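A short reminder: the numbers here are calculations on the coordinates, not readings from a lab. Bear in mind that the values here come from a model prediction, so they are computed numbers and not experimental data. Positions of Cβ are generated from backbone atoms using ideal geometry, with glycine treated the same way; all protein chains shown enter the neighbour counts.
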Amino acid sequence: MDVGELRVALWSRIEHVLLDMDGTLMDKYFDDYFWGHLVPERYAEKHAMTFGRAKELLFSKYKSLEGTLNWTDIDFWSEELHLDIPALKEQIRHLIEAHPHVEDFLIALKKGGKKVILATNAHYKTIAIKMKKTELGRYFDRVIASSDMGYPKEDSRFWINAEKTLGFDRDRTLFIDDTHEVVESAINYGIRYVLVKNMASSRGNSPQGSPNSNQKSNKYLSIDSFSELLP
Ligand SMILES: [Mg+2]
């Protein structure tokens, strides 16, 4: 299958469209800057250490929790780091932006009568901050966060619970995500149409060691922009 064939399927037979948030719909520059710069900066201040040392400590913490529910839980991080993570996110909310053509794509999906689902590992507080800033929340029929499903998207049990919750037909479902491990997990579960969104961040690669670096896919079917899927 190529992207052209997938586009045809999308506007003919696909019923459910599940979309990841960070890096897929939204520019991951916000998250990269947040975890790679702002958090280490504040952590260094709080614990009287250099920025470099804070970065080292934090990046190894991030790495050890990647792909777990704790990684996505900003209350966990607030406690763990003794920093008010939601308040820090609010401070840089001006960096929250949707990728180009995302809104056009969501409008087209609604017009096409698709069931549009936000499927994210992000915490509800983060979802709320991002939806408020971008005003994209109105296009979704439903939000499923991994905390509700009990597992992150990398885990097949996320998909079992998502199917129970949404009642989608795997054969008529499209899922789009920027993280290869998550895409792999959806394919293994049997979602028929799965796409990687390239160019997760508008400003190049993620800082080394932070989760979900800005990989470009050769292995999976992928798009650079949502304009490639418009009818
Ligand atoms: Mg993502």
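Kindly give Rg over Rh for the chain, based on alpha-carbon atoms, with the Kirkwood expression for the hydrodynamic radius.
On the way: Rg = 17.5 Å, Rh = 18.1 Å.
Radius of gyration relative to Kirkwood radius: 0.97.
What number, rounded to the nearest 500 deg cm²/dmol, is the helix-based mean residue ellipticity at 222 nm of the chain, given -39500 (n - 2.57) per DSSP H run of at least four residues and division by all its residues? Before the final figure, lay out each step's value.
On the way: 12 runs with 103 residues, N = 231.
So the calculated ellipticity at 222 nm is -12500 deg cm²/dmol.
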query = Rounded to the nearest 5, what is the percent of antiparallel bridges among the DSSP beta bridges in the chain?
reply = 5 percent
message = If I model a spin label as a point 7 Å beyond the Cα along the Cα-Cβ vector, how far apart are those points for Asp75 and Ala9 in nm?
response = 3.9 nm
task = Arrange Met1, Met21, Met149, Met199 by Cβ neighbour counts within 10 Å, fewest through most, would you?
result = Met1, Met199, Met149, Met21
ask   = Which entries in the list Lys46/Lys197; Lys63/Lys115; Lys46/Lys130; Lys61/Lys115; Lys133/Lys219; Lys55/Lys164 go over 29 Å, if you measure between the two C-alpha atoms of each?
value = Lys46/Lys197; Lys63/Lys115; Lys61/Lys115; Lys133/Lys219; Lys55/Lys164
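For the range 30-94, what number results from the quotient of the Cα radius of gyration and 2.2 N^0.38 Å?
Values: Rg = 11.1 Å, N = 65, 2.2 N^0.38 = 10.7 Å.
Its radius of gyration relative to the 2.2 N^0.38 Å reference: 1.04.
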inquiry  = Springs between alpha-carbon pairs under 10 angstrom, Gaussian network model over the chain: which of Asn218, Asn198, Asn161 fluctuates most?
reply    = Asn218
message = Using Cα-Cα distances under 8 Å and only pairs 6 or more residues apart, what relative contact order does the chain have, in percent?
response = 30 percent
query = Assigning unit charges at the beta carbon (Lys, Arg +1; Asp, Glu -1) and nothing else, what dipole magnitude in debye, to the nearest 20, does the chain show about its Cα centre?
reply = 320 debye
